[in-house]
Amino acid sequence: MIAIRKIIFFILSWLLLSVSALAAVNVNTASFDELQTISGIGPATAQRIVDERRKGPFKSLDDLQARVKGIGESRVRKMAAAGLTVGRAAP
């Protein structure tokens, strides 16, 4: 019985990790709509991100925080935990 529980736990853990990896949203390439799939990013914040990104790609989450009004340290951490990443900009 314990072995079955361990197997189920392992499978569920693997599924959760897989889903979170698929849910990653790159702030440098995401569309307005894709940005809004991240908890803490609504239409106004998504628009501010898109507008600021037109000036140049974000280099880090700290850069995002510094450049986008309304995104503080706590909020940027929550957005990162929800799947927001800073990757390469679109070519």
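The residues of the stretch 49-91 expose on average 65 square angstrom of accessible surface per residue, using a 1.4 Å probe on protein heavy atoms. Normalised by 2.2 N^0.38 Å, where N counts its residues, the alpha-carbon radius of gyration of the stretch 46-91 equals 1.07. Amide H to amide H distances under 5 Å link Gln36 with no residue, where only residues 5 or more positions off or on other chains count and H is placed in the peptide plane. Straight Cα distances below 29 angstrom link Lys69 to the lysines Lys55, Lys59, Lys78, with same-chain residues fewer than 8 positions distant left out. Evaluating 6.51 cos²θ - 1.76 cosθ + 1.60 at θ = phi - 60° for every residue in the stretch 62-73, the Karplus couplings come out as 5, 5, 4, 4, 6, 9, 10, 4, x, 10, x, 4 Hz, glycine and proline recorded as x.
Per-residue Karplus couplings for the stretch 27-44, computed as 6.51 cos²θ - 1.76 cosθ + 1.60 with θ equal to phi - 60°, are listed in order as 4, 7, 10, 5, 6, 3, 5, 5, 4, 6, 6, 8, 4, x, 10, x, x, 5 Hz, Gly and Pro entered as x.
The values are calculated or read from the model by the stated rules, or taken from the named source; none is laboratory data. Please read all numbers here as calculations on a predicted model, not as lab measurements. Remember, those area values only see protein heavy atoms, side chains included, never the ligands or the DNA or RNA. Shrake-Rupley method; radii C 1.70, N 1.55, O 1.52, S 1.80 Å.
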